[in-house]
Every structure is written in C-alpha cells, then in structure tokens.
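Let me begin by presenting the structure, written as structure tokens, before commenting on it.
The values are calculated or read from the model by the stated rules, or taken from the named source; none is laboratory data. Only a predicted model underlies this, so the values are computations on that prediction, with no experimental measurement involved. All Cβ positions, even for glycine, are placed from backbone atoms using ideal geometry, and neighbour counts span all protein chains on display. Only protein heavy atoms, including side chains, enter the accessible area calculation; ligands, DNA and RNA are left aside. Shrake-Rupley method; radii C 1.70, N 1.55, O 1.52, S 1.80 Å.
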Amino acid sequence: MARNQKHKITLFLASNLAAGAFFFAAPANAQALLSPTGGKGQLVFDNITGIRANVSNGVNYSGDIGFSIQRLGVNTDLGGGVTGTNVIHATTVWFAPQADYFVINHFSVGGLVEIANTSVSEDIATSAAASTSRDLGSSTDITLLPRVGWMFALGDRFGIWPRAGIGYASRHGYDVGGTFSGVILQATCPFLYRINETFFIELAPDLTWVPGSFTVSNGTNTTTSVSASYLDFGATGGLGIMLDL
C-alpha cells in the first residue's frame, strides 16, 4: 500500500440533467440558427455545470451550485510494528450564480457572486482499528465580480467572448489562519459552440489575480495586517444557456 493515498469524491448537483439536455439538444444537422451569437437582448448563463482544471487543485467539478467531499489518508507508525491511518475529511458547499446581458450587439455586462464554505475534520489513529476525531474548523470564501465582455461571433454557432472584471474577494478560516481579502482582477476568454438556439458548450481559459492583505488576530482586540496576493491560472469547460429576451 502506498504511504500516502488520496481519494476525492465529487458529487454533481443537476449534472445528469445538464448532460441529458446536452445530448437531446444536439441538432441532427447543421441548420443555421435564427438568433445571432451575442445579439442585443440576449441573457447568458455560462458554466451552469462543467469542470475546471488548474495547477494547484487539478481537475474539479465547476458549476453554479454544488458540493464536494475530499478524503486524505496517511499511514502512520504507532510503534511496536503497528500502523494506523490518519484521515482528513473536507466538505465544500458553494453557490456561485453568474449571468451576462448583451446591452447592444456584441457588448455584454454581467457578473458573478460566489459564497463557498469548507469544513474540515481529522480522524487520528490510536490503534490499527481505532481512531479519535477532532474538528479542524472551517473556511468561507466570498467573491463579488462585476464584468464586461465583447463577443466575436464566428458565424451563427461559434464565438470568442473575452471578458474582464474587477471586484472583491475574501477568504476567512482555519487554512489561512486569519482573513485574506482584496481586489479581484479576472480575465477570461470563452470559446463557445452553440448546440442549438438555447444551449452551448464552452472552453474558457482564465487568469485571476487578487492583490490584497492578510489580517490575523494577535489577541484581545489586536490585529496585524500585511500585504499579500493570490494568482491563479486555469481553464473551465462546461454547458451554458443563451436566452433571447
């Protein structure tokens, strides 16, 4: 058995429904669509369900709502030739709706609001078959991100949609030992294909930078703040909805 083992289970809320919509919505032929891609009055909900990959977290489920369960098991020597397994459990629940509206042809305004909470506990081995548990705490993420974009339509089915936003982000909890917060700057560029008038699939590389500060409590009514920053590069692929209002 490997000394370090990691098992991650991700549960998708409504993913089966979204997948079914994808297959049943696929056109039988390449007939032209009636509505333009990025036309005035369109309301777009992208990444209602999908996956995201980046360097730090690997490949994970990504969507407007969901939760994930993570388990990390590490073998440990208890002495006398006995080994046990310490296990860390993490559960994350998030709500992250996002939408964009085309106020004129090609030009969109929109944004994202995200609230996520992660709780962590640890099972500490006391023998080969027994353990004790302790709560390690939780963390909460909050993101508010207004954004604008410009859709380059390539025919009626394909589009390239660069977007940029500036807003606020914070993380408070056990894993950072305080509060990290700051201005969030994000640029993303979805490449999308419209399956029919309503549904589309997309692949969107994105770059996020948060210059901010880290604040920690030093005791009763005293805190210390230092400058800090966060940088992330990744890519999201998933299913979206485009509605003509």
Starting from 0.36 nm per residue, how many nanometres of slack lie between Val82 and Asn196 once their C-alpha separation is accounted for? 35.0 nm
Computed lengthening from Thr132 to Leu34, 0.36 nm per intervening residue step minus Cα-Cα distance: 29.1 nm
Of Ala187, Leu136, His172, which is farthest towards the positive pole of the range 92-209's charge dipole, taken about the Cα centre with +1 and -1 on the beta-carbons of Lys, Arg and Asp, Glu respectively? Ala187
Just the accessible area for Trp150, please: 1.4 Å probe, Å², rounded to the nearest 10? 100
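Take the Cβ-Cβ distance between Leu245 and Ser213 as r, set R0 to 45 Å, and report the resulting FRET efficiency rounded to the nearest 0.05.
Calculated value: 0.65.
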Asn117 versus His89, label points 7 Å from Cα toward the beta carbon: distance in nm? 1.7
Can you work out the Karplus-derived ³J(HN,Hα) for every residue in the range 41-51? Use 6.51 cos²θ - 1.76 cosθ + 1.60 with θ = phi - 60°, whole Hz, and x for glycine or proline. x, 7, 10, 10, 10, 9, 6, 5, 7, x, 9
Over the range 87-245, average the accessible area per residue using a 1.4 Å probe and give it in Å², no decimals. 50
Other residues with Cβ under 11 Å from the Cβ of Val109 give, with Lys and Arg +1 and Asp and Glu -1, a net charge of +1
